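Nothing in this text is a laboratory measurement; each read-out follows from the coordinates by a stated rule. Everything numeric here is computed off the predicted structure, so don't read it as measured data. Every residue, glycine among them, receives a Cβ derived from its backbone with ideal geometry; neighbour counts consider all protein chains shown.
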Amino acid sequence: MRILQIGRHPAMEMLDAPTPKPGPGQARLRVLGVAACPQWDLHLRHDEPMFVGHRFFYPYTPGQPGHEATGIVEEIGDGVMGLAAGDRVSVWRDPGHDVWGCYAEQVVVDAANVIAVPAELPPAATASVELAMCVGATALLLRDRGGLSGARVGVNGLGPAGLVAAQ
């Protein structure tokens, strides 16, 4: 299996790695597509922490920071319910930065952190489900703090999150 490892800019390389095995409550996915997170991935690529005061060390954990992905379930661990080999899913929750990320041919994720997506949609359309959920959660928070009905709303920037918000 191949997995990306990011080193201090400009170092990036594809490594050979063993195919990971899912543990209890986990699923192994064959990765079909990964969305680049401009807030995380691009900062790392240029040796900048995403959050002020955050420290990180190179080389970065293999496959990280890839956390927005679509794949096909290849194998499930003990105790996993509602998923089966062959299911098309998207990762909707960042697995953390100390585990292998989705910039890989195969990745193991907590089964609770995937959501089924239609197989007829291309991976490019479903890899960023996590971003869409973040934007949606923000809209719900705004609604709960006074409502949006009838209000004028401005979208500051038309990057990936702005395009999702505009839709």
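Before moving on, here are some points about what is shown:
- Residues whose placed amide H lies under 5 Å from that of Val114, excluding near-sequence neighbours: Trp92
- Full-stretch length increase - Leu141, Glu105 - with 0.36 nm per residue and alpha-carbon distance subtracted: 9.4 nm
- Each residue in His67, His9 was given a count of other beta-carbon atoms within 10 angstrom of its own, and listing them fewest first yields His9, His67.
- Full extension of the chain between Arg45 and Ala125 gives 26.4 nm of extra length, using 0.36 nm per residue less the Cα-Cα distance.
- Total formal charge among the other residues, if their Cβ is under 12 angstrom from that of Arg93, Lys/Arg +1 and Asp/Glu -1: -4
- Building the convex hull from the alpha-carbon atoms of region 2-127 and averaging its projection over directions returns 7.5 nm².
- Longest site-free stretch - the chain; sites: chymotrypsin sites (Phe, Trp or Tyr not before Pro), DSSP loop, at most 15 other Cβ within 10 Å: 58-167
- Length gained when the stretch Ala112-Ala166 is fully extended (0.36 nm per residue, less Cα-Cα span): 16.6 nm
- Amide H contacts under 5 Å for Glu75, placed H, 5+ residues apart: Arg28
- In Hz, Karplus ³J(HN,Hα) per residue of region 120-129 (6.51, -1.76, 1.60; θ = phi - 60°; x = Gly, Pro): 6, 7, x, x, 4, 7, 10, 5, 9, 4
- Most mobile listed residue (Val108, Val31, Val135) in the chain, GNM with C-alpha springs under 10 Å: Val135
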